[in-house]
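The values are calculated or read from the model by the stated rules, or taken from the named source; none is laboratory data. Because the structure is a prediction, the values reported are computed rather than measured. Cβ coordinates were reconstructed from backbone atoms using ideal geometry, including for glycine residues, and neighbour counts include every protein chain displayed.
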Amino acid sequence: MKALQGNQETKKNTAKAYTDDVFEKVKARSPHEPEFLQAVKEIIDSLTPVFEKHPKYMDFGVLERLVEPERFISFRVPWVDDLGNVQVNRGFRVQFNNALGPYKGGIRFHPSVNNSIVKFLGFEQIFKNSLTGQPIGGAKGGSDFDPKGKSELEVMRFAQSFMTELSKHIGPDTDVPAGDIGVGAREIGFMFGQYKKLNGGFEAGVLTGKGLEYGGSLTRTEATGYGVVYLMKEMLQDKGLDFNGRTVVISGSGNVSIYAIEKAQQLGAKVVACSDSDGFIVDTDGIKLDTVKKLKETGDERISEYVTEHPNAHYSEDCTGIWEIPCEIALPCATQNELDDASARQLIANNVIAVGEGANMPSTEEAIDVFLENDILFAPGKAANAGGVAVSALEMAQNSGKISWTFEEVDVKLQEIMKEIYQKSMNAAEEYGTSGNLVIGANIAGFLKVADAMIAQGVV
């Protein structure tokens, strides 16, 4: 028995030394990329029990290959503003891994976009896409261009210039971008039109998130927001709980937040707060979604305008203060690292029971530790916000077959995918000795499928 225990301890030490060594090499290569390093560390720390149980993944160098992008593309994006001045932005595309299918991941237009942001998003996308069960690899892209305050013609000229370069690197069976922060149906339309012009044909499957008139999928707009609520519904049901009658706080007020609010309200919850980058609103009677949609979907108004129509609501500057609002369920749906350990403790002090990440890596590592140490139900972004890319893959399938499914058909498929993601993640956590830990379970479940495909395809 002592010999067996000693052998198990040796395997564990070997696996831990391996993951530590890989992470040190990543740090040495990418010392100035904090978001990317944060994402890599969070994944690697979860995988020690996998390497302990299956040394073959170490033997085949799977992790060393996973943390290095297959391709990183950086390019200049020149465009002309409405005053006739030449402007120049940077464009990026990281094609991280295509072991499971064509590269797949959104395009983000935001001033914060840089190498680190794009790489962290692309790395997370590998595992998120794997969890969906769809045949798609991991990628991400974007630019430090800010569409806010720009005219429609300026956005069009920029998007066309961006696609002129990006078109050389994408295709329906190569890399299929979608939208992300700052890139909605308008921007996708401009990019699709430019791609069509450059390539001389109508390849609907080259982009997802398209308008319904030219190959888009019903439910795609709602998918990420609905998806996070569907996964949280499964998590709550496992504990004999549900959304009905619960007080919910949802950060952000873009597509993800809007449709998370909508679905949570449909399930009987009272959503009392949402935000944008300037501040947040609290409406103790429940957020009036029609007003938020009018402000954010049909215009570019700030969330502060909500109180003009609903004077009983309250607006506060500094969006991080939203986590001080008492709630039972918190859904961070805005941006990375918006919820830190102090906010996590405040939520717990206010009796939160569950947290689900609707954005990409919205909770810091310290915040996640606080939630897990206090037995808060916690759903990480790579599981909880996978609904958007899942429906993007369904859009690809419809484009390939030249068919169109109804809203209800896609919604049913989305619910099944989110249910399967939850079950796969929970099963992996159980199998590898961390029962109930959805963070570790999602990382392991996502990793195993990609790793097995990589081994099957050889060292490429």
Tell me, please, whether a residue that is modelled with pLDDT of 95 or more, of a type in the set (S, T, N, Q), surrounded by fewer than 22 Cβ atoms within 10 Å (Cβ to Cβ) and in the same structural domain as MET232 (by TED's automatic domain parsing) can be found in the stretch 282-295. yes
Test ASP375 against the stated conditions and say whether it is surrounded by fewer than 21 Cβ atoms within 10 Å (Cβ to Cβ) and in a loop (DSSP other than H, G, I, E, B). yes
Residues that are over 17 Å from HIS310 (Cβ atoms) and assigned to a strand (DSSP E or B): does the stretch 259-274 have at least one? no
Given the conditions (1) under 18 Å from PRO332 (Cβ atoms); (2) part of a loop (DSSP other than H, G, I, E, B); (3) of a type in the set (Val, Ile, Thr), which single one is not true for VAL256? (2)
Do we have any residue at all in the stretch 416-423 that's free of Cβ contacts under 8 Å to residues at least 60 places away in the same chain and either assigned to a strand (DSSP E or B) or basic (Lys, Arg) (or both)? no
Just give me the residues in the stretch 123-157 being under 15 Å from the mean Cα position of the chain (by Cα) and farther than 26 Å from GLN423 by Cβ, in sequence order. ALA139, LYS140, GLY141, GLY142
Give the number of residues within the stretch 79-101 that are surrounded by 14 or more Cβ atoms within 10 Å (Cβ to Cβ) and either among the charged types (D, E, K, R) or farther than 19 Å from GLY458 by Cβ (or both). 10
Criterion first (touching a residue at least 12 places away in the same chain (Cβ under 8 Å) and outside any helix (DSSP H, G or I)) does LEU153 satisfy it? no
Could you check the stretch 424-460 and list, in sequence order, the residues that are over 16 Å from ILE126 (Cα atoms), surrounded by fewer than 17 Cβ atoms within 10 Å (Cβ to Cβ), touching a residue at least 40 places away in the same chain (Cβ under 8 Å) and not polar (S, T, N, Q)? GLY433, VAL459
Going through the stretch 331-353 one residue at a time, which ones are out of contact with any strand residue (DSSP E or B) (no Cβ under 6 Å at 6 or more places or on another chain), aliphatic (A, V, I, L, M) and over 22 Å from LYS263 (Cα atoms)? ALA342, ALA344, ILE348, ALA349
Taking LEU207 as the residue in question, decide whether it is without any contact (Cβ under 8 Å) to a residue 24 or more places away in the chain and not assigned by TED's automatic domain parsing to the domain that holds ARG90. no
Just to be sure I understand the filter: pairs with C-beta atoms under 9 Å, separated by 6 or more residues or on different chains, first member in the stretch 245-257 and farther than 17 Å from LYS294 by Cβ, second member aromatic (Phe, Trp, Tyr) and not in a loop (DSSP other than H, G, I, E, B). Which pairs pass? VAL249/PHE280; VAL249/TRP323; SER251/PHE280; SER251/TRP323
Here is a check on your reading of the model: is GLY225 assigned to a helix (DSSP H, G or I), in contact with a Gly (Cβ under 9 Å, 6 or more places away or on another chain) and farther than 26 Å from GLN346 by Cβ? no
Is there a residue in the stretch 87-97 that is out of contact with any helix residue (DSSP H, G or I) (no Cβ under 9 Å at 6 or more places or on another chain) and under 19 Å from GLY122 (Cβ atoms)? yes
Some residue of the stretch 301-322 being in the same structural domain as VAL248 (by TED's automatic domain parsing), under 21 Å from the mean Cα position of the chain (by Cα) and modelled with pLDDT of 95 or more: yes
Hey, can you tell me all the residues within the stretch 378-413 that are farther than 15 Å from GLY205 by Cα, of a type in the set (A, V, I, L, M) and surrounded by 24 or more Cβ atoms within 10 Å (Cβ to Cβ)? ALA379, ALA383, ALA384, ALA386
Could you give me the residue pairs with C-beta distances under 6 Å whose first residue belongs to the stretch 341-361 and is surrounded by fewer than 22 Cβ atoms within 10 Å (Cβ to Cβ), whose second residue is part of a loop (DSSP other than H, G, I, E, B) wherever it lies, and which are 6+ apart or on separate chains? ILE348/ASN374; ASN350/PRO326; ILE353/GLU328
Being out of contact with any Lys or Arg (no Cβ under 6 Å at 6 or more places or on another chain), assigned to a helix (DSSP H, G or I) and more than 23 Å from LYS140 (Cα to Cα) is the filter here, so list the residues in the stretch 228-244 that pass it. TYR230, LEU231, MET232, LYS233, MET235, LEU236, GLN237, ASP238
